[in-house]
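See structure below.
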Amino acid sequence: MGSDRDGKAVACTAEQTQLGEGVRWDDRRAELLRVDILAQRVYRDRVHDDGALVSVRTYQLPWPVGMIAPIDGDDGWLLGAGRGFVHLAPDGTHRSIADVSPPGTRMNDGACDPRGRFWGGTLADDHHEGGGALYQLERDGRTELMLGDLTISNGLGWSPDGGTMYVVDSGPRVIHAFAFDVERGAIADGRILVTVPEHVGAPDGMTVDAAGDLWVAIYGGAGVHRYSPDGVLRQVLSVPAQQSTCCAFGGPDLRRLYVTTATERWTDEQRRADPAAGLVYRLDTDATGRAAAPFRPEPVWWSTVVDSEHRRESGTDGRQG
């Protein structure tokens, strides 16, 4: 599909997603993970030495799926799907863990913090102002509403020292920064770090590199913005797809930036007319990224989740007659 030696974005896939999102690097298997929210799919890809992606497996889910994270001590993944949190096993079996958001909303984007808690953001189906929120799944299975009154809760990230948490709200086109208590998983002292001008686009999914810079996909802006930790725009990277949705560093050295894109609300005719849209792109960078932080469940609680899933799939509930 071409060369990226000239610094230009190179297409890594041929399938046009409806709403490609949630790209993450899973260093357990050296795989790139991503989702198509509206098509309700999860993708696993292997990365060749030249950065090309080779499909490992695609999973079809019964709900829209917005986010994915590896799980410490488990071969599967934790998803934000439908209105809550879901466990996905490598064989494709899945189990809902907890629904947290009200009817008329869905999970949109999320990530795990440095201690292994899972944070999932939501939006209302009609995208109305204040209809989104941010929830936390604790390591022992407890859930908590952490932020309300968001519109489109989107990309999340943490500074390398864990002391700052970044939250994107795509509706008002802002990136919030909060003081983060790593031990308690609490946020405080919120402030707006970045506001993206309306004519430029809206901030969407994001990642934070090893030096602390924020790399933010710009929906409607055909690319990625790189910001310093204090919110200064340092670099603009272009991709040939207007709906840029999420980005993550991948590959063994975590130097290539992978960008998901979308064809949201497009007709089939529009997709055929713009074959560059909805693909995954890669760009070489001068930065080093970080692998996705895993969910780190408390073993006793997690064993009940997995055991319940196994009983359901085997047709037994563990009771003796």
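The values are calculated or read from the model by the stated rules, or taken from the named source; none is laboratory data. No experiment lies behind these values; they were computed from the predicted model shown. No Cβ is skipped: glycine too gets one built from the backbone with ideal geometry, and neighbour counts run over all protein chains shown. When the accessible area is computed, the model is the full protein with side chains, heavy atoms only, and any ligands, DNA or RNA have been set aside. Shrake-Rupley method; radii C 1.70, N 1.55, O 1.52, S 1.80 Å.
Look through region 82-95, keep the residues that are among the hydrophobic types (A, V, I, L, M, F, W, C) and in contact with a Ser or Thr (Cβ under 8 Å, 6 or more places away or on another chain), and return whichever of them is nearest to D109 (Cα to Cα). Break it down stepwise before answering.
Within region 82-95, the first condition is being among the hydrophobic types (A, V, I, L, M, F, W, C), and the residues that meet it are 85-86, 88-89.
Remaining after also requiring in contact with a Ser or Thr (Cβ under 8 Å, 6 or more places away or on another chain): 85-86.
Numbers: F85: 12, V86: 14 Å.
By that ranking, first place goes to F85.
Here L123 meets the list (1) of a type outside the set (S, T, Y); (2) surrounded by 22 or more Cβ atoms within 10 Å (Cβ to Cβ); (3) touching a His at 6+ places or on another chain (Cβ under 9 Å) almost entirely, failing just condition (3). Among the residues making up region 150-165, those that are surrounded by fewer than 24 Cβ atoms within 10 Å (Cβ to Cβ) and either part of a loop (DSSP other than H, G, I, E, B) or among the hydroxyl-bearing types (S, T, Y) (or both) are T151, S159, P160, D161, G162, G163, T164.
Just one of the numbered conditions (1) out of contact with any Lys or Arg (no Cβ under 8 Å at 6 or more places or on another chain); (2) in contact (Cβ under 8 Å) with a residue 24 or more places away in the chain; (3) aliphatic (A, V, I, L, M) is not true of A39: (2).
Number of residues in region 288-321 that are modelled with pLDDT of 60 or more, open to solvent by less than 80 Å² (accessible area, probe 1.4 Å) and of a type outside the set (D, E): the value is 15. Of everything in region 187-205, what is open to solvent by 30 Å² or more (accessible area, probe 1.4 Å) and either under 22 Å from T260 (Cβ atoms) or in contact with a Leu (Cβ under 8 Å, 6 or more places away or on another chain) (or both)? Give them in sequence order. Once the filter is applied, which keeps residues that are open to solvent by 30 Å² or more (accessible area, probe 1.4 Å) and either under 22 Å from T260 (Cβ atoms) or in contact with a Leu (Cβ under 8 Å, 6 or more places away or on another chain) (or both), region 187-205 yields I187, V200.
For region 166-186, the set of residues classified as assigned to a loop (DSSP other than H, G, I, E, B) and buried (at least 21 other Cβ atoms within 10 Å of the Cβ) consists of S170, R173, listed by residue number. Residue pairs whose Cβ atoms lie under 8 Å apart, sitting 6 or more positions apart in sequence or on different chains, and linking a residue in region 61-87 that is closer than 22 Å to Q18 by Cα and among the basic types (K, R) to a partner that is open to solvent by 10 Å² or more (accessible area, probe 1.4 Å) and part of a strand (DSSP E or B), are R83/D99; R83/T105; R83/R106. Please indicate, with yes or no, whether at least one residue in region 76-90 is open to solvent by 50 Å² or more (accessible area, probe 1.4 Å) and either over 27 Å from V216 (Cβ atoms) or over 16 Å from the mean Cα position of the chain (by Cα) (or both). The answer is no, given that none of the residues of region 76-90 is open to solvent by 50 Å² or more (accessible area, probe 1.4 Å) and either over 27 Å from V216 (Cβ atoms) or over 16 Å from the mean Cα position of the chain (by Cα) (or both). Applying the criterion of being in contact with a Phe, Trp or Tyr (Cβ under 9 Å, 6 or more places away or on another chain) and free of Cβ contacts under 8 Å to residues at least 60 places away in the same chain to the residues of region 248-272, the residue that is most open to solvent (accessible area, probe 1.4 Å) is R255. Considering only residues that are among the β-branched types (V, I, T) and either open to solvent by 10 Å² or more (accessible area, probe 1.4 Å) or modelled with pLDDT under 95 (or both), look in region 56-75 and name the one that is farthest from R28 (Cα to Cα). Once the filter is applied, the top-ranked residue is T58.
Does at least one position in region 71-93 carry a residue that is under 27 Å from R290 (Cα atoms), of a type in the set (A, V, I, L, M), part of a strand (DSSP E or B) and in contact with a His (Cβ under 6 Å, 6 or more places away or on another chain)? Within region 71-93 (the criterion being under 27 Å from R290 (Cα atoms), of a type in the set (A, V, I, L, M), part of a strand (DSSP E or B) and in contact with a His (Cβ under 6 Å, 6 or more places away or on another chain)), the answer is yes, since at least one residue qualifies. Based on what the data block shows, is V23 under 15 Å from the mean Cα position of the chain (by Cα) and in contact (Cβ under 8 Å) with a residue 60 or more places away in the chain? Criteria met by V23.
The strands (runs of 3 or more DSSP E) falling completely within region 187-291 that include 1 or more residues that are polar (S, T, N, Q) map to 202-208, 233-238, 244-250, 256-261.
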